[in-house]
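So the structure is just underneath, and the comments pick up after that.
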Amino acid sequence: MDAPNKPNTRPAEGNSELHELRIRGRVEAFQERREPDRGFGLRPKRSVPTYVVIWNFRLVRTGPDGKALPPVAVEMRGLELGKPAFEGSLVNGDEVEVDAPGHIPGDIIHPLEVRNLSSNCVVRGRTRSIVSRVLAGVFLIIGLVIIVTVAAFIISQIKSR
């Protein structure tokens, strides 16, 4: 197993530069914002509005030699669906690990989960259930089939005149 402060690395395909698999650092500049969830537009108008909660923060890191490494920007998203948007919590100063295979320095990482080493928990954003995603896809396909059928019927009526 690797030393705790030494990041795991792997070479990127076609590039000799090493990219980190797992990034460890201290949370800094934590910010939270909420945006209306646009979803697929399939929710009834009377339903409770849902929001996407977005967490932005930087990971401040040090290398094995103790020197500062460039900070890494992180963005996580979770849905407020009658419950908190995230399982677990993060605050400035927490020591965390993020899986980031193929991370390119300067890019924002969008992890599904973060391991909070300070509180010994895994932080995850809530998402729609697989059932609701499948239903949304089915309704979308049915809607497209109806539109194509109506358009074909109209075209056939125009051609028959």
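Find the residue count for the stretch 123-161, including only residues that are loosely packed, with under 14 Cβ neighbours inside 10 Å and closer than 30 Å to Lys83 by Cα. Step through it out loud before you land on a result.
First, the residues of the stretch 123-161 that are loosely packed, with under 14 Cβ neighbours inside 10 Å: 129-131, 133-134, 137-161.
From the residues that got through so far, the ones that are closer than 30 Å to Lys83 by Cα too are 129-131, 133-134, 137-141.
Residues that pass the stated criteria total 10.
Before we move on, is Val96 touching a residue at least 60 places away in the same chain (Cβ under 8 Å), touching a Leu at 6+ places or on another chain (Cβ under 8 Å), closer than 14 Å to Val123 by Cβ and surrounded by 11 or more Cβ atoms within 10 Å (Cβ to Cβ)?
On the way: touching a residue at least 60 places away in the same chain (Cβ under 8 Å): yes; touching a Leu at 6+ places or on another chain (Cβ under 8 Å): yes; closer than 14 Å to Val123 by Cβ: yes; surrounded by 11 or more Cβ atoms within 10 Å (Cβ to Cβ): yes.
Judged against the criteria, Val96 is a match.
Among (1) over 22 Å from Arg33 (Cα atoms); (2) under 16 Å from the mean Cα position of the chain (by Cα), where does Asp65 come up short?
(2)
Testing Tyr51 on (1) under 16 Å from Ala29 (Cα atoms); (2) among the hydroxyl-bearing types (Ser, Thr, Tyr); (3) in contact with a Pro (Cβ under 7 Å, 6 or more places away or on another chain), one condition comes back false. Which one is that?
(1)
Looking at Gly102, Gly143, which one is touching a residue at least 40 places away in the same chain (Cβ under 8 Å) and out of contact with any Lys or Arg (no Cβ under 7 Å at 6 or more places or on another chain)? If you could, list the steps in order and put the result at the bottom.
Values: Gly143 fails: touching a residue at least 40 places away in the same chain (Cβ under 8 Å).
Checking each option against the conditions leaves just Gly102.
Have a look at Pro7, Pro101, Pro70, Pro11 and point out the one that is farther than 27 Å from Gly137 by Cβ, at pLDDT below 60 and surrounded by fewer than 16 Cβ atoms within 10 Å (Cβ to Cβ).
Numbers: Pro7 fails: surrounded by fewer than 16 Cβ atoms within 10 Å (Cβ to Cβ); Pro101 fails: at pLDDT below 60; Pro70 fails: at pLDDT below 60.
That would be Pro11, the only listed residue that is farther than 27 Å from Gly137 by Cβ, at pLDDT below 60 and surrounded by fewer than 16 Cβ atoms within 10 Å (Cβ to Cβ).
Go through (1) out of contact with any Asp or Glu (no Cβ under 7 Å at 6 or more places or on another chain); (2) at pLDDT 60 or above; (3) in a strand (DSSP E or B); (4) within 24 Å of Pro105 (Cα to Cα) for Asp65 and report which single condition fails.
(3)
Every residue in the stretch 24-39 that is more than 15 Å from the chain's Cα centre (by Cα) and part of a strand (DSSP E or B), please.
Arg24, Gly25, Arg26, Val27, Glu28, Ala29, Phe30, Gln31, Pro36
The values are calculated or read from the model by the stated rules, or taken from the named source; none is laboratory data. The shown structure was predicted, so the numbers you read here are calculated from the model rather than taken from an experiment. A quick note on method: Cβ atoms are made from the backbone with ideal geometry, for glycine too, and the neighbour counts reach across all protein chains shown.
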